[in-house]
Every structure is written in C-alpha cells, then in structure tokens.
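Report on one structure; see the data block that follows.
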Amino acid sequence: MPKNLYLFFLILLVIFLTVISLKESISIVPRFDYIDKIFHASAYVLLTYICSRYIMLSKPSYSLTKILIIAALFLTLYGIVIEVLQTTLTENRVGEFEDVLANFSGIILGSFIFRYLSSRILL
C-alpha cells in the first residue's frame, strides 16, 4: 500500500477519534466496567500500526526503534491533548489519567505487534 494511503488513514482515524472524543457523551450503560479503556487501547493499537507504517515508508533509512519512538511520542502527546481538551471544551466529559494509561498501553501493544510483523516481513 502506498505511503500516502497510510497517511490518509492516519489522518482519517485521528479526525474520527478527535470528533468522538470531544462530542458530548451519550449515557450508555457499559457491558462491563472498563469497556471504554479497552476501546482506548484498541484505537491506539491501530493508530500505532498505521503511524509506524507511514513513518517506515516515508523514512526508510530510520531504524525500527526510531520509527516506534517517533510514533509513540506523537501518539502519547495526541492522547494527552485530547484528554485535556475533553476537560476544557466539553460540558459533560472529563479527561481521565486512566484513559491516558489505556492509550499508552495500546501504543506499547501496537509497537510490539508492529515490531513482530516487521521481523516477519508481513507488512
């Protein structure tokens, strides 16, 4: 897949996550207590994969470690900014430290998956 397609999906996913993160929350009874944390982690696994793949295609001279560090820093900052914006821009949403931890867990898991797939040349 061309790098511009990865960039397109990355931008699309960031816009989607930003909109749903800053939209006024709808009261939905979760199936279990931490379902939202699983959603956070899952979204960041996907973000990490797409972002890392885009960086890898854009900067082929970068080492895998450098690619993952850049992606992790960018996505961690994005996650923190979203949590701050939830607190400051919305009426009934509040940023949570636990969400930042769930996001970071997704980044770590996504990094392991990306590293594994890269070593298997399945990308």
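The values are calculated or read from the model by the stated rules, or taken from the named source; none is laboratory data. Bear in mind the structure is a predicted one, so any value in this text is a computation, not a measurement. Note: ideal-geometry Cβ built from the backbone for every residue, glycine included; neighbour counts use all protein chains shown.
The residue list 6, 44, 54 contains one member that is among the aromatic types (Phe, Trp, Tyr) and in contact (Cβ under 8 Å) with a residue 60 or more places away in the chain, which is 44. Exactly one residue out of 35, 28, 67, 20 is closer than 18 Å to residue 109 by Cβ, at pLDDT below 95 and either out of contact with any His (no Cβ under 7 Å at 6 or more places or on another chain) or surrounded by 13 or more Cβ atoms within 10 Å (Cβ to Cβ) (or both), and it is 35. When the stretch 1-26 is limited to residues that are in contact with a helix residue (DSSP H, G or I) (Cβ under 7 Å, 6 or more places away or on another chain) and polar (S, T, N, Q), the one that is nearest to residue 57 (Cα to Cα) turns out to be 18. Scanning the stretch 71-123 for residues that are farther than 22 Å from residue 52 by Cα and within 18 Å of the chain's Cα centre (by Cα) yields 83, 84, 85, 86, 95, 96, 97, 98. Considering every residue within the stretch 98-117, establish whether at least one is without any contact (Cβ under 8 Å) to a residue 24 or more places away in the chain, part of a loop (DSSP other than H, G, I, E, B) and over 27 Å from residue 22 (Cα atoms). No, the stretch 98-117 contains no residue that is without any contact (Cβ under 8 Å) to a residue 24 or more places away in the chain, part of a loop (DSSP other than H, G, I, E, B) and over 27 Å from residue 22 (Cα atoms).
Looking at this structure, is residue 95 at pLDDT 95 or above and either part of a helix (DSSP H, G or I) or of a type outside the set (D, E, K, R) (or both)? Taking the combined requirement at face value, the residue does not satisfy it.
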